[in-house]
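Participant: This is the structure I have questions about; it appears just below.
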Amino acid sequence: MMQRSLILLLTFFFSSLANAQFGGGDKSTFKAVSQVTGIAPGETFKIALQLNHPEHWHSYYVNPGILGTSMKVDWALPDGFTASETIFTIPRAIETKSGGLDTVLYGYEGEVVFYYEITAPKELAPGKDLTISGKAGWQICDEGSCVQESGEISLVIKSAAATVPDAAGAAVFENPPIAKPADGWTFEAVEEEGSFSLTATAPDGISIQEDGIYFFSSDQQVDSQSLQDAEVDGQMIIAYFDRNFGNEDLFIDKGPTLETMSGMLVYQTETGRAAVNVSIPLSANPDAADPPVDMAPAPAVHLETVKATAEEIAAGAELYDVDAKLEIVLPGGIEEKKVTFGSSLFFVFIGGLLLNLMPCVFPVLGLKVMGFVAQAGEDEKKIKIHGLVFGLGLLVTMWILSAVIISLNLNWGEQLSNPIFLGAIIVLLFAMGLNLFGLFEIGTSLTGVGGELQGKKGYSGSFFSGVLTTLIATPCSGPFLGAVMGFALSQPKPIAFAVFTVFALGIASPYIVLSFFPALIKKLPRPGAWMESFKQIMAFLVFATVVFFLKSYLTLVGEEHFNYFLFALTLIGLGAYLYGRWGTPITSKTKRMVTGYALSGLMIFGGLTWAYSVSKKPKDGLAWQEWYPGVIELSRTKKRIVWVDYTADW
């Protein structure tokens, strides 16, 4: 198990070299809708939670198929009111990659609605305002990262003698795309040699297509990663799937062994996808199977109508970004032992160690090693102090960062969703790259940004190198560390600080080891011309990191402000060039003061001011909707003005 886990960890980190996710900006939007404005004593009504995913992101079904967190609500209801568990709409089997491995997950993309049934007490005085409150939490992921999100629910209804429907939100509750009760269906489930067969016979009036059959297990007995097969014969469906024996590569636990089978059987009709709830006895062989149970018929679901009405409601709904931290609650059947305090400390240390090989951290590693090369032969005590001071800079910055994240109830790496913070990191890295190329010099090495940092000139540079490494390491922590960091942020503060501390020690460990073992330093190449070439190669990695950060920055501020930011970077680069060309001691005093200092300073100050100005402006403008056949006709029937953006993104 440990060997497989390490292989998975290595796969995640090195695959993310080619496709890294930096920072945030892609957030789901969330809205709660009530079915009623007034509720009578003892009656039940529904609440719908509408979730809109960013493109290429998904959330999870109650059984996520892999490790994931589905929608969960912590309700705060008036006295006597009760709430049901989440009623999930029909999910999809989504093929994706997790750490470079092909996986199948159960979940949702685009727009999805989750339903809850709220029941009023039998004794309820009329005419009172009732606040239905709660905190919804969910997880969205793409192929490289996951974000824990939450949203507040606050709906006010009145107690009444008779229930009063809310006409404004009625459409979302009409024919919802959920699994229907098994009225009129007959079922038979059999297990034999690690495989299941499920025979389902639909009542008359349901036309079942040959394609689109899939069984979503809710008890996790079924292997989500193996292929399912199905046959259709008139009203009869025979589905075949394998037992879940666990998957160590994907951290999937072995499924339970139960005497029943539960889940959602999805099928295709002439009008779209439909599903029926399944909860039946499970037999070891056909002879032991219970006889089928006859039930009354139920109509199929017309999903195209539901889709159109849901799109209409979502288009006019008031949406807001949700970015608060979600308490990690592992779904049923996945034991918490997968992310424990001990395992999180181990993997976060290994993750911090491997993080030095990421493109946004590796240049600092290389230049720090060059600093050791330059120090070879010096006082061993000073070299050790440099290593310890560097580690201290890492630790102090990590403690400050973790304190801010925990106190503000944020998520790991969420500071990168702040355009001002992200813009500052981009400017800093851009200046580092120019320094590496030799466009200007501010010290003896890049790891001394902000002052003379190495050797005999003082220890402030080593400390600042640790600070810088921490700041640029947070978005590079890789998809694997997302679960570990999520675990840390869901624990008491001492445990969270311990995890962050070990993470920082993992990053700093190579430098500390080199500083305490001078014999290793002596094995490094001697100082020479190769060091200049090495610096320039590192510059390309720094600029590659800048490009990755710019991708997230574009998402945060929009195209117009992004273009202004690029011009600001150009202005900063011009100022750096003027300083490097005419700010040297060999330049005449007049040119040095006017061009090297004053003009370059003006350029840099102007660029920084411009960059800050465009970074503090949020992305604005119309909320554009992706085109699909029929969307214009739908809007015109509602007498809405439609703006069409017909262009090309070169």
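Participant: Restricting attention to the range 9-64, which residues are of a type in the set (S, T, N, Q), at pLDDT 85 or above, within 21 Å of Asp102 (Cβ to Cβ) and assigned to a loop (DSSP other than H, G, I, E, B)?
Facilitator: Across the range 9-64, the qualifying residue is only Asn63.
Participant: State whether the residues of the range 175-186 include one that is over 24 Å from Gly65 (Cβ atoms), polar (S, T, N, Q) and outside any strand (DSSP E or B).
Facilitator: Yes: one or more hits.
Participant: What number of residues within the range 143-159 satisfy the criterion of being crowded, with 19+ Cβ neighbours inside 10 Å and in a loop (DSSP other than H, G, I, E, B)?
Facilitator: Residues flagged as crowded, with 19+ Cβ neighbours inside 10 Å and in a loop (DSSP other than H, G, I, E, B) within the range 143-159 amount to 2.
Participant: Name the pairs whose Cβ atoms lie under 6 Å apart, with the first residue in the range 201-228 and free of Cβ contacts under 8 Å to residues at least 60 places away in the same chain, the second crowded, with 23+ Cβ neighbours inside 10 Å and of a type in the set (Ser, Thr, Tyr), and 6 or more positions between them or separate chains?
Facilitator: Close Cβ pairs satisfying both conditions: Ile213/Tyr267.
Participant: Just for the range 565-579: of the residues that are among the aromatic types (Phe, Trp, Tyr) and more than 28 Å from the chain's Cα centre (by Cα), which one is surrounded by the fewest Cβ atoms within 10 Å (Cβ to Cβ)?
Facilitator: Phe567
Participant: Of everything in the range 225-260 that's part of a loop (DSSP other than H, G, I, E, B) and in contact with a helix residue (DSSP H, G or I) (Cβ under 9 Å, 6 or more places away or on another chain), which residue is nearest to Gly184 (Cα to Cα)?
Facilitator: Gln225
Participant: Which one of these does Thr271 not meet: (1) crowded, with 17+ Cβ neighbours inside 10 Å; (2) within 30 Å of Ser34 (Cα to Cα); (3) not aliphatic (A, V, I, L, M)?
Facilitator: (1)
Participant: Tell me, which strands (runs of 3 or more DSSP E) lie completely within the range 90-130 with 2 or more residues that are of a type in the set (Asp, Glu)?
Facilitator: Here the list reads 111-119.
Participant: Under 6 Å between Cβ atoms, which residue pairs at least 6 apart in sequence (or on different chains) link something in the range 558-587 that is farther than 20 Å from Gly423 by Cα with a partner that is assigned to a loop (DSSP other than H, G, I, E, B)?
Facilitator: The qualifying pairs are Tyr577/Leu439; Tyr579/Phe440; Gly580/Leu439; Gly580/Phe440.
Participant: On to the next question. Given the conditions (1) closer than 29 Å to Leu422 by Cβ; (2) modelled with pLDDT of 85 or more; (3) not assigned by TED's automatic domain parsing to the domain that holds Leu434, and given that Thr590 satisfies all but one, which numbered condition is not satisfied?
Facilitator: It fails just one condition, (1).
Participant: Any residue in the range 425-442 that's closer than 19 Å to Arg592 by Cβ: show its pairings with residues that are of a type in the set (Lys, Arg) and at pLDDT 85 or above at Cβ separation under 9 Å, as long as the two are six or more apart or on different chains.
Facilitator: Within 9 Å, the pairs are Leu439/Arg581; Phe440/Arg581.
Participant: Does the range 419-445 hold any residues that are at pLDDT below 80, not in a helix (DSSP H, G or I) and not charged (D, E, K, R), and which are they?
Facilitator: Ile442, Gly443, Thr444, Ser445
Participant: Okay, moving on. Among (1) touching a residue at least 12 places away in the same chain (Cβ under 8 Å); (2) under 18 Å from Gly65 (Cβ atoms), where does Gly246 come up short?
Facilitator: With respect to (1) touching a residue at least 12 places away in the same chain (Cβ under 8 Å); (2) under 18 Å from Gly65 (Cβ atoms), Gly246 is out only on (1).
Here is a yes/no grid of residues against (1) within 23 Å of Phe437 (Cβ to Cβ); (2) at pLDDT 80 or above; (3) in contact with a helix residue (DSSP H, G or I) (Cβ under 7 Å, 6 or more places away or on another chain):
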site	(1), (2), (3)
Ala519	no, no, no
Trp530	yes, no, no
Met538	yes, no, yes
Phe543	yes, yes, yes
Leu554	no, yes, yes
Phe562	no, yes, yes
Phe565	yes, yes, yes
Leu571	yes, yes, yes
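Participant: Would you check if Ile350 is of a type in the set (A, V, I, L, M), in contact with a Ser or Thr (Cβ under 7 Å, 6 or more places away or on another chain) and modelled with pLDDT of 65 or more?
Facilitator: Considered against the rule, which asks whether it is of a type in the set (A, V, I, L, M), in contact with a Ser or Thr (Cβ under 7 Å, 6 or more places away or on another chain) and modelled with pLDDT of 65 or more, Ile350 comes out as no.
The values are calculated or read from the model by the stated rules, or taken from the named source; none is laboratory data. All values reported here derive from a predicted model rather than from experimental measurement. Here the Cβ is made from the backbone with ideal geometry for all residues, glycine too, and neighbour counts use every protein chain on show.
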